[in-house]
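Worksheet: one structure, shown below.
Laboratory data are not the source of any read-out in this text; all were calculated from the coordinates shown. What you are looking at is a predicted structure, and each value in this text was computed from that prediction instead of being measured. Cβ: placed from backbone, ideal geometry, glycine included. Neighbour counts: every protein chain shown.
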Amino acid sequence: MNDVFDVAIIGAGAIGAALARRLSAYDLSVALLERCADVCFGVSKANSGIIHAGFHHPVSSLKARLEIRGNLMFEQLQHELGFPFKRVGIIVAAFSYEEMKTVEHLYEQGVANGVPRLEICGRERLLMLEPKLNPDTVGGLYAPTGGIVEPYRYVFALVESAVRNGVALKTEFRVVRAQHDGEAYSIESEAGHRVRARRVINAAGLHADQVSAAFGAEAFTIVPRKGEEFLLERNAAGFPNQVIFPVPGRHTKGILVIPTVEGTMMVGPTAVETEDKEDVETTSDNLDRVFAQAMYMVPVISKREIITSFAGSRPVLPGNDFYIGISRSAPHFIQVAGIQSPGLTASPAIAEYVKDLLKQDGQGLTEKAAYDPFLPPSARVREKNPAELDALMSEDPHYGHIACRCESVSEAEIVEAIRKGHTTLDGIKFYTRAGMGRCQGGFCSYRVIKIIARETGIPIEEITKRGGGSRLLLGKIPVAQGESSEQQMK
Amino acid sequence: MIVEAFVGNVPENAGFGAPPGGTNTPAKVISHMRDLEYDAVVIGAGAAGMAAALRVHAAGFRVAIVDREDHLGGILLQCIHNGFGLHWFKEELTGPEFAERLAAQVREAGIDVYLNTTVMDLVADNGMKSLIACSAEHGVLSFAARAIVLAMGCRERNRGNIGIPGSRPAGVFTAGLAQRLINIDGYAPGKRVVIIGSGDIGLIMARRLSWVGAKVLAVIEILPHPSGLTRNIVQCLHDFDIPLYLSHIVSRIAGQDRVEAVEVTPLENGTPNPAKTFRLECDTVLLSVGLIPENELSKKAGVQLGHDTGGPRVDAHLMTSVDGVFACGNVLHVHDLVDFVADESSRCGGNVAAYLGAGLSAGGQGRVQAGPNVKYVVPHAYVPGQDTQFSLRAMIVKKRGTLQVKRAGVVIKRKTLQHIKPAEMIYFKMKGTELGPAGPDPAPIEISVE
Ligand SMILES: Cc1cc2nc3c(=O)[nH]c(=O)nc-3n(C[C@H](O)[C@H](O)[C@H](O)COP(=O)(O)OP(=O)(O)OC[C@H]3O[C@@H](n4cnc5c(N)ncnc54)[C@H](O)[C@@H]3O)c2cc1C
Ligand SMILES: Cc1cc2nc3c(=O)[nH]c(=O)nc-3n(C[C@H](O)[C@H](O)[C@H](O)COP(=O)(O)OP(=O)(O)OC[C@H]3O[C@@H](n4cnc5c(N)ncnc54)[C@H](O)[C@@H]3O)c2cc1C
């Protein structure tokens, strides 16, 4: 497309995706530009997946307002898009009367923010809600509106819906330069591709500072605050009914015990400021610390059940609040920066807010008659009973060919992911769960690689884990060589 | 060896549209879901599953084997090296040759084999067991059987299980996956390789990678002694000048997109000494850090698992805590030799036949306990007066030692052993007479090594 887009969104994480989908309801041409090989490969894939209830931040912050609004939007989004989401509730467990004072403060803050149905619980009520909790608890807070979401499935669904409604998605488009010629921006990627757009939204997460600089907009510095999380297998002994929080410290919400919608569980995250935005390394010191804190709250949690760990970094700005607003220095440029936690929760509300800013900036918004908010459902073998599975297989027998044994993912589901544009091993993993279970891809990765090669025509050696230089196999072994060495052996 | 997707015969009356049979079939009548009935169904067509099924079939019972792979033989098919069969077939074979011997017997016997068919669920609460499986070819299959043999093998422990710190780039493989990539698919996982763990699979892969032109820089082992067989240390490392670092750990994996290096730290008195950390530039990391019996289905069926083996707890007949559900091979405990897998599984098949026929000996069973320096003993029970084959894993390394069996505090057997080590399973038999006279409530026996 050589035309000028009305809006270009830089960054396809939760924020860019939610906004792209929101704008796709209007008669606008929208480009969604993402530097990675797939969407949701930034912070939005490596977080706790909690839809926060809205009691952690003071009413004066922008965060608090968008958090509570975002929270309330998830039922409808799930209804339209079908991603895994569950309002399991959140509890904050106190272990001293001092801590109970903080709980009372959180309660008041939450009520002021408008959190519905918040309760303060005594010990007995709290243990009834969460029998696995350490019986030393003295009581706590219960927020039934808190929830959990599969963040990548949420973002994938948003992008899919946006694209179905006309948004142009460009992956492997790393914005490095931009110039405004009086009418529009010419946005250039690292590889030299160009996109023209009249208005630009900076939703580049950890790199929002660089993107802002590239557009000659405000100067600010994003500090990465790294968080490490540990994932435990399905049916883990410590699987809780609700998300369990300790009483929060000054800057973080502490180490949490988190059920996932898919039935695994997580403990984490840590919070350490780092220098390197790309640093997602995990360390050994954190393991013991995280588990000590998690096991204090839920004693039956076992390290033996860890299947993997990962890290993500929150994009933090001084003052710790979100920075969302029309740029004062660059024309028609909107900043959506510093979107740390609860960015996932707030994302649909942020999209709404930015849409209003666009209007304020003079963008006309006419609703599109053809807008379809719904996504057709996609079938998952692991959710089916035998009769349903049988019906599914009469549609497509490849639902009967199980490629990932731990998560029961069929070949048909993998093909669907590929056809929807997820062509890296990680993209398929996040879309289907193949490789996310106990054996972490030991069994299925090669099967998935072969299916990618067959469906896309990409040579096997060029298939990557997550784009760029993350090639998985380093070439074909010459047959003759293999054979002669076998001979040698005898 | 390529076996067709479906071998053997499906009974006529089991076709599409058959009304649901046994007691455990789903309540809903589904017109095209296929119901099948057997005396016994074996889950897994590896060495274990085939050996067990052959015995059940030989005793005249109707048995089926179900496997999710497209071949008979399980993991053996990727083990193209020599060293299989010395005990069971009395000659040295490669993995695929060993598998083919058993597969030929299975075909000859006309045993029904369902390949490319994954067992999704196993329900075993009373008399009849039911099993739900699916395959692209057959659709959903519902099996009813009086006995089930669990022979699902094991899976490899991975990076998450042992918590190696660092980044998460491409290029980290489990050794078994790398073996499959090279031996079956013909792809090179990498060019400069560091292997973590000195288990047999890792050692064999060190040699295999060297043969196909990769440079194996080192094998890193956390323990002060290797965990693979001695013959593999010699043939796979020494012969290729590959250094083995004992009492060392990989303290970090580095690399953004693809592995770029690992950092290795020596252990001194059991704790890492970071001052002596060194770096190995490589593009690939292989993990050979142990196997875990694959028991998700067993858990679904309510089978009790043991912490010591990771597999089901079994009685003297290799029957699990669920009546009529048996287990053998790597799903029961991890074996180092396929010959012992075949032997154990064949005995298991014999017990299944007895269970289906005249019934298993009703005599009271006594507990078998792991004593000093023993990680586990299988089976977990014995019948006095009945010959019993025990498998056990020692926890110590010793050139020459003694195995001792005590019953009610009294030594009832003593045996000298050479080259005791955790890597080599100890396989020994006791005569029924040694195990004492049958009685209603036999005393536990304890097996130790020193
Ligand atoms: C450990 C941890 C736990 C968290 N837990 C929660 C939680 O439980 N609940 C909650 O609500 N929030 C949570 N958060 C916060 C939440 O994850 C983030 O606020 C949210 O994901 C931010 O979304 P985003 O779209 O702004 O960022 P991202 O997902 O990082 O998206 C930005 C995108 O921009 C792309 N990009 C960057 N530069 C360029 C460029 N030059 N050109 C093109 N594209 C570019 C990136 O590749 C990336 O895909 C957590 C965060 C962390 C780190
Ligand atoms: C690399 C390597 C080297 C070895 N070297 C030697 C050696 O030199 N000498 C030696 O004697 N032994 C060796 N062994 C050991 C020997 O090969 C194994 O112990 C033996 O083959 C295990 O047999 P099994 O039947 O228990 O398991 P497997 O062969 O793993 O068979 C299990 C089968 O169950 C199937 N299955 C599992 N779950 C399901 C389900 N839900 N539905 C359907 N099917 C299912 C699997 O597909 C698989 O085919 C080696 C093993 C390995 C891995």
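Cβ-to-Cβ counts within 10 Å put B:W211, B:W88 in ascending order as B:W211, B:W88, the fewest first.
Partner shielding of A:278-286 amounts to 4, given as the average count of beta-carbon atoms from other chains within 10 Å of each residue beta-carbon. Computed over the Cα atoms of region B:115-205, the ratio of the radius of gyration to the Kirkwood radius (Rg/Rh) comes to 1.12.
Compute the helix-to-body angle for B:47-58: its Cα long axis versus the longest principal axis of chain B, expressed 0 to 90° and rounded to tens. Taking the Cα atoms of chain B, the angle to B:47-58 is about 20 degrees. When Rg and the Kirkwood Rh are both derived from Cα coordinates, the Rg/Rh ratio for region A:381-489 amounts to 1.08. Using only alpha-carbon positions in region B:195-244, the gyration tensor eigenvalues give semi-axes of 16, 11, 9 Å once each is multiplied by 5 and square-rooted (largest first). Against chain B, whose longest principal axis is taken from its Cα atoms, helix B:338-356 shows a tilt of about 20°. Modelled spin labels at A:K420 and B:F240, positioned 7 Å past Cα toward Cβ, are 4.2 nm from each other. Pairs with C-alpha atoms separated by more than 25 Å, drawn from the list A:K86/A:K429; A:K253/A:K359; A:K277/A:K420; A:K303/B:K191; B:K299/B:K421; A:K132/B:K129, are A:K253/A:K359; A:K277/A:K420; A:K303/B:K191; B:K299/B:K421; A:K132/B:K129. Sorting A:8-16, A:135-143 by average packing, meaning the other beta carbons within 10 Å per residue, from highest down gives A:8-16, A:135-143. Share of pairwise Cα-Cα distances greater than 17 Å in region A:1-131 is 70 percent (whole percent). For region A:1-88, GluC sites (Glu not before Pro) are listed when DSSP marks them as loop and at most 13 other Cβ atoms sit within 10 Å of their Cβ; the list is empty.
Take each residue of peptide A:229-239, count the partner chain Cβ atoms within 10 Å of its Cβ, and average: the result is 1. Legend: mean number of C-beta atoms from other chains within 10 angstrom of residue C-beta atoms, peptide A:434-446, equals 5. Of interest is the spacing of the C-alpha centroids, which for region A:215-247 and region B:31-94 amounts to 46 Å. When the Cα centres of region B:167-221 and region A:82-124 are compared, how far apart do they sit, in Å? So the two Cα centres are separated by 50 Å. Quantify how much of the Cα-Cα distance distribution of region A:16-89 extends past 18 Å, in percent. In whole percent, the share of Cα-Cα pairs in region A:16-89 beyond 18 Å is 56. Top mean-square fluctuation among B:V410, B:V212, B:V113, Gaussian network model of chain B, C-alpha springs under 10 Å? Greatest mean-square fluctuation among the candidates belongs to B:V410. Taking the Cα of A:D285, stepping 7 Å toward and past its beta carbon, and measuring to each backbone N in region A:227-250: which are under 15 Å? Residues A:227-228 qualify, since their backbone N sits under 15 Å from the label point.
The helix-based estimate of mean residue ellipticity at 222 nm for chain B, built from -39,500 (n - 2.57) per DSSP H run of four or more residues and divided by its residue count, is -5000 deg cm²/dmol to the nearest 500.
Taking 37 °C and 0.692 mPa s as the conditions, I'd like the Stokes-Einstein D for region A:97-247 in µm²/s, using the Kirkwood hydrodynamic radius from alpha carbon pairs. Taking Rh from Cα pairs, D becomes 161 µm²/s.
Highest mean first, the peptides B:218-231, A:385-398, A:271-284 sorted by other C-beta atoms within 10 Å per residue fall in the order B:218-231, A:385-398, A:271-284. Taking amide hydrogens as placed 1.01 Å from N in the peptide plane, the amide H of B:I249 sits under 5 Å from those of B:T265, B:L267, each at least 5 positions away in sequence or on another chain.
Among B:N295, B:N161, B:N330, the largest mean-square fluctuation in a Gaussian network model of chain B, built with springs joining Cα atoms closer than 10 Å, belongs to B:N161.
One Cα centroid belongs to region B:262-322, the other to region A:136-211; the line between them spans 40 Å. Taking every alpha-carbon pair under 8 Å whose residues sit at least 6 apart, chain A reaches a relative contact order of 19 percent. For chain A, adding -39500 (n - 2.57) for each run of n ≥ 4 DSSP H residues and dividing by the number of residues yields -9500 deg cm²/dmol at 222 nm. Working note: Debye formula, equal point scatterers on the alpha-carbon atoms of chain A, no solvent; log10 I(q)/I(0) at q = 0.09, 0.11, 0.12 Å⁻¹ is -0.64, -0.95, -1.12. Relative to its residue count, region B:366-449 spans a Cα convex hull of 72 Å³ per residue. Using the Cβ-Cβ distance between B:D185 and B:K375 with R0 = 25 Å, the FRET efficiency computed as 1/(1 + (r/R0)^6) comes to roughly 0.10.
Expressed to the nearest 5 percent, the antiparallel share of DSSP beta bridges inside the protein assembly as shown is 65 percent. Projecting label points 7 angstrom from Cα along Cα→Cβ for A:A219 and B:D387 puts them 8.8 nm apart.
A Förster radius of 35 Å combined with the Cβ-Cβ distance from B:F89 to B:V397 puts the calculated FRET efficiency at roughly 0.70. Its alpha carbons considered, the protein assembly as shown gives a radius of gyration followed by a Dmax of 29.9, 100 Å.
Test of understanding: ordering B:L150, B:L280, B:L115 by Cβ neighbours within 10 Å, fewest first, what list do you get?
Details: B:L150 34, B:L280 17, B:L115 21.
In increasing order of surrounding Cβ atoms, one gets B:L280, B:L115, B:L150.
Under the simplified labelling scheme, the B:N269-B:E450 pair shows an inter-label distance of 2.8 nm, with each label point 7 Å from Cα along Cα→Cβ.
Counting beta carbons within 10 Å around each of B:T265, A:T264 and listing the fewest first gives the order B:T265, A:T264. Using the alpha carbons alone, the radius of gyration of region B:158-289 stands to its Kirkwood radius in an Rg to Rh ratio of 0.94.
The angle separating the long axis of helix B:95-109 from the principal Cα axis of greatest extent in chain B is about 10 degrees. The translational diffusion coefficient of chain B, from Stokes-Einstein at 20 °C and 1.002 mPa s with a Kirkwood hydrodynamic radius over alpha carbon pairs, comes to 92 µm²/s.
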